[in-house]
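**Student:** Got a structure for you, written out below as structure tokens; questions coming shortly.
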Amino acid sequence: MLEMASRVPVRFPGSQGLDVDKYLLSPQLRSSTSDGMGERLRLPGLHRRVSAWSDNGEEPVDWKQPASMPWPLTDRSDEWSSGSDRSGARGFSDPEERSMGGYSARLSRDLGRQAPLLRGIFEIDKRSCDVSLTGSHLFWCPIQPETPGSSKVQPLPKEEFIELRDIFSVKLKRRRLAGQEKGGTLLGITVFVCIRKGHKLKETAIDLHNLSEDYCDIWYRQLKEILNGFPNRPKSLKVIINPHSHKGEAPNVYYRHVAPLFKLADIQTHVTETNYKGHALALLKECELQEYDGIVCVGGDGSVSEVAHGLLLRAQMDAGKTINGSMSPVRAPLPLGVIPAGTTNILAYSLHGIRHPVTAALHIIMGNIQPVDACSFSSDDKLLRFGFSSMFGFGGRTLALAEKHRWMPSSQRRDFAVIKTLANLKPDSCDISYLPLSDQQLTFFHKKKSKENVSESESKDPWQYTQGQVLNVSIMAIPCLCSMAPRGLAPDTRLNDGTMALVIVRNTSRPEFVKHLKRYATQKNQFDYPFVETHMVKEVKLCPQNLSHYGNALSEHNGEVHTGFSEDVHPWNIDGDLLEASSEVHVCLHPELINLYGSNIEELEEVKAKCSCL
């Protein structure tokens, strides 16, 4: 099927002496080979002269090279590398495969690989390579020349490959003069690949050199067609940047690290920098969302929380829902991307396992969609906002104190607020009622089955009540990873398992409370104290006892919640954003209410996050 020429062409590096007249067009290109008059037509560039580089720097020689072959390159299917290990090269171990006489036998025998769409010669890393493109992989193998008159069997070079789903862009590579923006001498094709190193994603480039315009154009168009077929990859994004996040680093993070990647991936962006608190919410209420494939927020947890709230609020408005605390909310219409650029980045860590803008950007470019549970916060049947996590007591007071000292640098402000709140540590008396999940439901949800399959009798667990003095109450629908809690503030909760963690820290001495806080920074059980209670719940109602006689004094303006009382109000920390409430707050879990760009981190113990959170 594939014959060998008796001589190796002069000065052609890596040539296997293939009889090029035996090459055929692939089935995908055969539709243009005949004009109906019995004469074979040739596609442009398929048999034009292609320059090949010699190893010793001599003048290139001309060699006719076809675009493809109908026979698939093969390898043993049980030797595929999986997951993130896709960079390993592999060779042939069968003695029969070490000779080109057995090459055709191997091609016809081993049918585990898809038939190639294109096959040809490119120079990769200064070596001439036999390159094959299938519907799922790009393979290449250096061409090993035969030594005339030698009986010694030369081992074939190892074959390498990348999965097409890991490619996020392909470009024609050209040499241009200084200041030249278009045209230039064609050098070949550059393939941009997303690779994983632990939780970190980064981009790398593979150059396939060939000087033929028509030849490279065929490969370029075929690769673009395949990449355009991958689902969830955005083509247009609305980007919202909070220029005041952290030290004002959000614009620099976006324009330096993220925008070039979006441009490389041919993603159109419309960028808006917010000017005031609530600007993102007002923007999303009026934005033409149908023009975009996703929303991207560049900032800290407070910025992301505002954008997520605005996106979900817009979904209820478009669905004609009555905005109140008892509604059943609909899902957000677009996925949300989180680029960490703030003081706290708990949501970004829970999604990506790392504070790394490039990793977050590549998750968006690759279209990695992660459904995430969200909570609604309401009071007296009035919706206050949507969010992912909240703290009442110590966590709320610390954030409220930090917000009053915005003039201080972020790290000093955080440390000052923590120390000052610990110095004035005092409990709050409150009534807490919660709707727990049964053991059967916990097992059910942790197996990631749908909540709708739970029987009606199981879903009607009775409410449970508790009251007394508490130092802190945490209600979290996500694990809340950060450097202070490498296992997460809620280590038994996942992003979309349909559970919500309720952690109640009862009144105790200051030293014991500090010990509890320090446990979050270790691998030890931070809940192994007699004054700490943990519950897996679906709903929580919390009402401070000294506010029981007050009515609801909450009002909303530009997305901010205000109260008419200057005293007797209690601060809540909702995703790093301050909410002041003067009446009972009802927290309800809504499974998979929003899609975020990212991945689900299961091995929380292996996460080595580095963030700074309250």
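The values are calculated or read from the model by the stated rules, or taken from the named source; none is laboratory data. Quick caveat: nothing in here was measured; it's all calculated off a predicted structure. With ideal geometry, Cβ positions are generated from the backbone for all residues, glycine too; neighbour counts draw on all protein chains shown. Remember, those area values only see protein heavy atoms, side chains included, never the ligands or the DNA or RNA. Shrake-Rupley method; radii C 1.70, N 1.55, O 1.52, S 1.80 Å.
**Student:** Specify the residue that is modelled with the highest pLDDT; the eligible residues are those in the stretch 407-428 that are small (Gly, Ala, Ser) and open to solvent by 40 Å² or more (accessible area, probe 1.4 Å).
**Tutor:** Within the stretch 407-428, the match that is modelled with the highest pLDDT is Ala423.
**Student:** Would a scan of the stretch 256-279 turn up a residue that is within 23 Å of Phe192 (Cβ to Cβ), touching a Ser or Thr at 6+ places or on another chain (Cβ under 7 Å), in a strand (DSSP E or B) and open to solvent by less than 40 Å² (accessible area, probe 1.4 Å)?
**Tutor:** Scanning the stretch 256-279, I find no residue that is within 23 Å of Phe192 (Cβ to Cβ), touching a Ser or Thr at 6+ places or on another chain (Cβ under 7 Å), in a strand (DSSP E or B) and open to solvent by less than 40 Å² (accessible area, probe 1.4 Å), so the answer is no.
**Student:** Looking only at the stretch 237-255, filter to residues that are open to solvent by less than 20 Å² (accessible area, probe 1.4 Å) and not aromatic (Phe, Trp, Tyr); which one of those is farthest from Leu118 (Cα to Cα)?
**Tutor:** Only one residue tops the list, namely Ser245.
**Student:** Something else now. Among the residues of the stretch 452-478, which ones are buried (at least 17 other Cβ atoms within 10 Å of the Cβ) and either part of a helix (DSSP H, G or I) or modelled with pLDDT of 90 or more (or both)?
**Tutor:** Correct list: Val470, Leu471, Asn472, Val473, Ser474, Ile475, Met476, Ala477, Ile478.
**Student:** Please go through the stretch 494-532 and pick out each residue that is part of a loop (DSSP other than H, G, I, E, B), free of Cβ contacts under 8 Å to residues at least 40 places away in the same chain and under 29 Å from His352 (Cα atoms).
**Tutor:** Residues satisfying the conditions are Tyr520, Ala521, Thr522, Lys524, Asn525, Phe527, Asp528.
**Student:** Mind listing just one residue for me: the one in the stretch 191-236 that is assigned to a loop (DSSP other than H, G, I, E, B) and of a type in the set (A, V, I, L, M, F, W, C) and, of those, surrounded by the most Cβ atoms within 10 Å (Cβ to Cβ)?
**Tutor:** Across the stretch 191-236, the extreme among qualifying residues is Leu211.
**Student:** Looking at the stretch 174-190, which of its residues are surrounded by fewer than 19 Cβ atoms within 10 Å (Cβ to Cβ) and part of a strand (DSSP E or B)?
**Tutor:** Arg174, Arg175, Thr185, Leu186, Leu187, Thr190
**Student:** Is it the case that Val193 is modelled with pLDDT of 95 or more and either touching a Lys or Arg at 6+ places or on another chain (Cβ under 7 Å) or more than 20 Å from Ala205 (Cβ to Cβ) (or both)?
**Tutor:** Against the criterion (modelled with pLDDT of 95 or more and either touching a Lys or Arg at 6+ places or on another chain (Cβ under 7 Å) or more than 20 Å from Ala205 (Cβ to Cβ) (or both)), Val193 does not qualify.
**Student:** Looking at the stretch 134-150, can you tell me whether even one residue there is touching a strand residue (DSSP E or B) at 6+ places or on another chain (Cβ under 6 Å), part of a helix (DSSP H, G or I) and either open to solvent by less than 80 Å² (accessible area, probe 1.4 Å) or modelled with pLDDT of 95 or more (or both)?
**Tutor:** no
**Student:** Give Leu547, Leu604, Leu589 a once-over and let me know the one that is buried (at least 18 other Cβ atoms within 10 Å of the Cβ) and either touching a helix residue (DSSP H, G or I) at 6+ places or on another chain (Cβ under 6 Å) or modelled with pLDDT of 90 or more (or both).
**Tutor:** Only one candidate passes the filter, namely Leu589.
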